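Okay, so here's the structure we're looking at.
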Amino acid sequence: MNTQQYMEQLETLDIRMSSLTYTSALMGWDSMTLASKKGVDARSSVIGNMSELFFTSLINDEVKEMLDYLTEHKSELDETIAAKVRLYLKDYNEIMKIPKDEYAAYQALISKSNLAWEEAREKNDFSIFAPYLDQVLKAKKKFVKYRGYEGHPYNTLLDDYEDGLTVEAADEFFSNLKAKIVPLVKRIQAKEAPKNAFLDLTYDISKQKEYSKYMMEVLNFRMDCGCLAESAHPFTMNLSREDVRITTKFYEKDLLSSISSTIHETGHALYEQNISPDFGVSILTSGTSMGIHESQSRLYENNFGRSLPFWHKHYGRLQDLYPEQLGNISVEDFQKSLNTVKPSLIRIDADEVTYPLHVMVRYEMEKMIMSDDVNVDELPRLWNDKYEEYLGVRPETDSDGILQDVHWSEGLFGYFPSYALGSAYASQFEFYMRKDIDVDALLASGDMAPILKWLSEKIHVYGSSKIPSEIIEGATGEKFNPKYFVDYLETKYSAIYDL
Ligand code: ZN
């Protein structure tokens, strides 16, 4: 076989694997939104079979020979093909070390574990979820042993979501953030809190839905290439750049929750909708890492969506929907309330200053779980202790504590740190974007297109063809530097709280 023939084999593999990924994603979407709970057994069995198909399509001698050949002949490949080889080789090496039957059993377990988590959370009873979490953790630790690791066993999982991230680097990142954020929170808490009484009022859900759709349009979400649905935990599902779906959750007594989660998920969706069409159905048609993905959602949610210029443009529309509740509230007071800093229990409702501390709790617990023998029954208490230590608040129920996030039920360990990295990346991108375009003027005018264009050209278009460090250096001309995030927080909150 020659290079041309191996490249054709790679294309065939890419289309087959991407079709399987697409189908699994669609099933995932379905089980998180509309699927019946009673259908779980059949669904789990289909998911198990699908994942076996995924496994056998990738893990075989022909694929190995092709990937090895193309890696050796890298100089003959164009960038797109080389990126595909890199990604499939990573997947191959990740999966080949796990026995096939264990891999399929794990996929089926995840589907059941997710349902158990949902029930446990609803009933506020960790014991419903505990046996599943125990099995997921055992499988995860076993897989890490199969896959191997350098340094800390958690490194293997961190690298799954952010290329090259290690416990050493994450420890340094979090300790820096902690050193800056904890004193900032104290300075803010010494000041008078924004007057938020209007947020305790009732906000009709059908109008919230209307406003969420308005937000998606304003932010240039292509409405004919996706949709908005509801789920317990808001998320984005990308099938292709022409079919990107987001979910949110509406609460009558919490207007800001649906607004911020809709903007957040739209930020994720814009990334997916603006990947180069040249990639087609491919492993490259997806954001490059969780951290870069979060940078896009957080840039829209926090840096833009909680700024005064943005609300100067869009607040009137919200007031029109809720004249009784918001008629007498000024845009300045509304924006201040959007940026209320208050240590709290729930990560997804946390303000952007205390948010990294929520992530730190999870990071430290995962790090410990991966290196020590842990009795799952002790995890809720450990969780509560850490909240008390870092945030000064202690959950009284499991639903407000360890059961709040879906991630562990899906086996997503190593994922959380990327949320905090995302905020830090976002501020670095924004700093450099402001050198090129007048961001405040655009936010105030409602013309978000030049902002999306900047992000699309420098980040989105590449999909997974570049690794995170290449994206960051390409867009900003320097390596990742968390200083931009700390500067952003200090400047922004000094103004809002008159520090
Ligand atoms: Zn997100």
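Across the options V376, T354, Y387, the greatest Cα extent toward the positive end of the charge dipole of the stretch 167-497 (unit charges at beta carbon of Lys, Arg, Asp, Glu) belongs to T354. Taking Cα centre as origin and charging only the Cβ of basic (Lys, Arg, +1) and acidic (Asp, Glu, -1) residues, the dipole magnitude of the chain rounds to 640 debye. In plain terms, the chain from V182 to K195 could stretch by 2.4 nm, reckoned as 0.36 nm per residue minus the Cα-Cα distance.
Annotation: amide H-H contacts under 5 Å for D254 (H modelled 1.01 Å from N, sequence separation of 5 or more, or interchain): Y203. What the phi angles of the stretch 134-144 give under the Karplus curve with 6.51, -1.76 and 1.60, with θ = phi - 60°, is a coupling list of 4, 5, 4, 4, 4, 5, 4, 5, 5, 4, 4 Hz, glycine and proline written as x. Sparsely packed loop sites in the stretch 153-201 (the GluC sites (Glu not before Pro) outside DSSP H, G, I, E and B with at most 10 other Cβ atoms within 10 Å) comprise E192. Each residue of the stretch 329-336 is assigned a 3J(HN,Hα), and the resulting list reads 9, 6, 4, 5, 5, 5, 5, 4 Hz, derived from the Karplus form 6.51 cos²θ - 1.76 cosθ + 1.60 (θ = phi - 60°), x at Gly and Pro.
Restricting the trypsin sites (Lys or Arg not before Pro) of the stretch 234-268 to loop positions (DSSP other than H, G, I, E, B) with no more than 15 neighbouring Cβ atoms within 10 Å leaves K249, K253. If you take all other residues with their beta carbon under 10 Å from the beta carbon of K97, and give Lys and Arg +1 and Asp and Glu -1, the sum is +1. Only beta bridges with both residues in the chain are counted; by DSSP, about 50 percent of them are antiparallel. For E230, the residues whose amide H sits under 5 Å from its own are T248, ignoring neighbours fewer than 5 places away on the same chain, with H placed 1.01 Å from N.
With angles folded into 0 to 90 degrees, how steeply does helix 449-458 sit against the dominant principal axis of the chain? Use alpha carbons for both and round to 10. So the helix axis and the longest Cα principal axis differ by about 30 degrees. For the chain, the residue among M32, I329, V182 whose Cα projects farthest onto the positive side of the dipole built from Cβ charges is I329.
Under 28 Å Cα to Cα from K97, which lysines show up? Leave out anything in the same chain fewer than 8 places away. Excluding near neighbours in sequence, the set is K64, K74, K84, K112, K138, K140, K141, K142, K145, K367, K466. In this simple spin-label approximation, V46 and M96 carry label points 7 Å from Cα along the Cα→Cβ vector, and these lie 3.2 nm apart. With R₀ set to 30 Å, the beta-carbon distance separating D487 from E457 gives a calculated FRET efficiency near 0.75. Taking a Cβ cut-off of under 11 Å around T21, the surrounding Lys, Arg, Asp and Glu residues balance to a net charge of -1, with basic ones at +1 and acidic ones at -1.
Axis angle, to the nearest 10 degrees, between helix 205-218 and the longest C-alpha principal axis of the chain: 70 degrees. Annotation note: trypsin sites (Lys or Arg not before Pro) in the stretch 151-196 located in DSSP loop regions with a Cβ neighbour count of at most 13 within 10 Å are K191, K195.
Laboratory data are not the source of any read-out in this text; all were calculated from the coordinates shown. Predicted model only: the values in this text are computed from it and were never measured. FYI the Cβ positions are ideal-geometry reconstructions off the backbone, even for glycines, and counts take in every protein chain you see.
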